[in-house]
1. Give the residue, chosen from G254, G245, G240, G210, that is farther than 18 Å from E138 by Cβ and surrounded by fewer than 22 Cβ atoms within 10 Å (Cβ to Cβ).
2. For the range 180-214, enumerate the residues that are among the small types (G, A, S), under 21 Å from A118 (Cβ atoms) and more than 16 Å from the ligand (Cβ to nearest atom).
3. Can you confirm whether S80 is touching a helix residue (DSSP H, G or I) at 6+ places or on another chain (Cβ under 6 Å) and within 16 Å of the ligand (Cβ to nearest atom)?
4. Got a sec? Which strands (runs of 3 or more DSSP E) wholly within the range 151-244 have at least 1 residues that are more than 23 Å from the chain's Cα centre (by Cα)?
5. For the range 86-104, does any single residue satisfy the condition of being free of Cβ contacts under 8 Å to residues at least 40 places away in the same chain, more than 16 Å from the ligand (Cβ to nearest atom) and surrounded by fewer than 21 Cβ atoms within 10 Å (Cβ to Cβ)?
6. Which of the residues that make up the range 367-382 are touching an Asp or Glu at 6+ places or on another chain (Cβ under 8 Å), of a type in the set (G, A, S) and either open to solvent by 40 Å² or more (accessible area, probe 1.4 Å) or within 13 Å of the ligand (Cβ to nearest atom) (or both)?
7. Restricting the range 276-314 to residues that are of a type outside the set (G, A, S) and touching a Gly at 6+ places or on another chain (Cβ under 6 Å), which is least open to solvent (accessible area, probe 1.4 Å)?
8. Looking at A150, A118, A125, which one is free of Cβ contacts under 8 Å to residues at least 60 places away in the same chain and either among the aromatic types (F, W, Y) or in contact with a Phe, Trp or Tyr (Cβ under 9 Å, 6 or more places away or on another chain) (or both)?
Amino acid sequence: MTVGKAPSSGFQGFDVEAIRRQFPALEQEVHPGKKLVYLDSAATALKPQVVIDAVVNTYAVDCANVHRAVHSLSQRATASYEGARDTIVHFLNAATREEIVFTSGTTDGLNLVAQAFAHRGWDRALTEGDEIVVTELEHHSNIVPWQMLAKRTGAVLKVAPITEAGELRLDDFRAQLGSRTKLCAFAHVSNSLGTLLPVTEMIAAAHEVGALVAIDGAQGVVHQPVDVRALDADFYAFSGHKVYGPTGIGVLYGRKELLEAMPPWRGGGDMIDRVTFRETTWNDLPYKFEAGTPNIAGAIGLGAALEWMMAIGLDRIAAHEAGLLAYGTRRFAELEGVRLIGTAPDKAGVLAFVMDGIHPTDAGSFLDADGIAVRTGHHCAQPVMDRYGVTGTARASLGVYNTEADIDALIEGLKKVRSIFG
Ligand SMILES: Cc1ncc(COP(=O)(O)O)c(C=O)c1O
């Protein structure tokens, strides 16, 4: 796969029906007569045929390990795997392919960064009294690794609060920063509220005090074009499965000079240059951070997914989803006894809500009976639930294939739930 190559199913314009036809999962009836209405893309996105084909082809035809053999299958698998890396360079506008590390997902990427900050062999490693700043709206993946890091190093974890609407105000963020701040970690887009954070300004503020910044881009890459160089991000992590790619694959972008200075995390095959019992030296970037046989089919599938998104146009996807979000927000106003949680003006793809007297799980189960898939629970963001005094919410989240008809089905479904519960 090479940068800019159009998928076999290329697009001329944004035609949501043509897009929908590429998702086999959308053809199913979840229950007799109940066609799938998929509103859970923030948990994982459905996969277009082009991604499924890329994965199947890897196992059915180009089934070999990468970087290890001269035979044709291995050469082809390696070319596709490294081609996927080139696609990601282009997708994120990274400076070089050495900055793109394949991981198993956002969680893995953030943990890789956290491990490095605990390693004495790196001059950026944290020491007692150093400060890490996160925000109140983070996913557990962007809290727990830093909490563990703080415990190991004696650093202090500080939290920038959010407003009632779920916004992150720059002043509140800045108030947490100081001379001891060494690292800031925050989401690009919140999975539980949909808030789009002012990341450019936040990164600049963190850099002003000399801190490095790790961005949790799990939801960020889905809803808008991301340019890591324009953002001036130090680290940016995302997961393949949220961008219409396979599960078990993800990316950590890191600035080259940082990755070069950071010690490797996992030891094993492929990440070495020379091994003796006395000493081992490391491979070049990015392989230093890719120990063992990687998720080859996953990486190739992710490359296919990103090519597919870029062929549609990230701006077009963003505009489609923004239109749906505005429509959904208007239609929610019709519902009595329903409160949207997360009403920031800058928002992407998420309608999270609670219903008076109805547990989110009950609402979710009744919606499922009509084939409507939403997520219910704490969304791996328990501090956000605590902030709003709820144990969980129901969350409808949008993807490229959703339509106003999906929102209508949700609203009708919720009216039905309300009538059942009285
Ligand atoms: C904002 C955010 N961060 C991190 C993650 C973790 O992603 P993964 O489980 O793919 O590692 C998610 C997944 O829901 C997320 O939405």
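1. After ruling out the rest, the residue left standing is G210.
2. Answer for the range 180-214, where residues must be among the small types (G, A, S), under 21 Å from A118 (Cβ atoms) and more than 16 Å from the ligand (Cβ to nearest atom): A206, G210, A211.
3. No, not satisfied.
4. 156-160, 181-187
5. Looking for residues that are free of Cβ contacts under 8 Å to residues at least 40 places away in the same chain, more than 16 Å from the ligand (Cβ to nearest atom) and surrounded by fewer than 21 Cβ atoms within 10 Å (Cβ to Cβ), one finds none in the range 86-104, hence no.
6. A381
7. Going through the qualifying residues, I end up with L302.
8. The unique qualifying residue is A125.
The values are calculated or read from the model by the stated rules, or taken from the named source; none is laboratory data. Predicted model, so just to flag it, every value in this text is computed and none were measured. Glycine gets a Cβ as well: all are built from the backbone with ideal geometry, and neighbour counts include every protein chain shown. These accessible areas exclude ligands, DNA and RNA; they are computed on the full protein's heavy atoms, side chains included. Shrake-Rupley method; radii C 1.70, N 1.55, O 1.52, S 1.80 Å.
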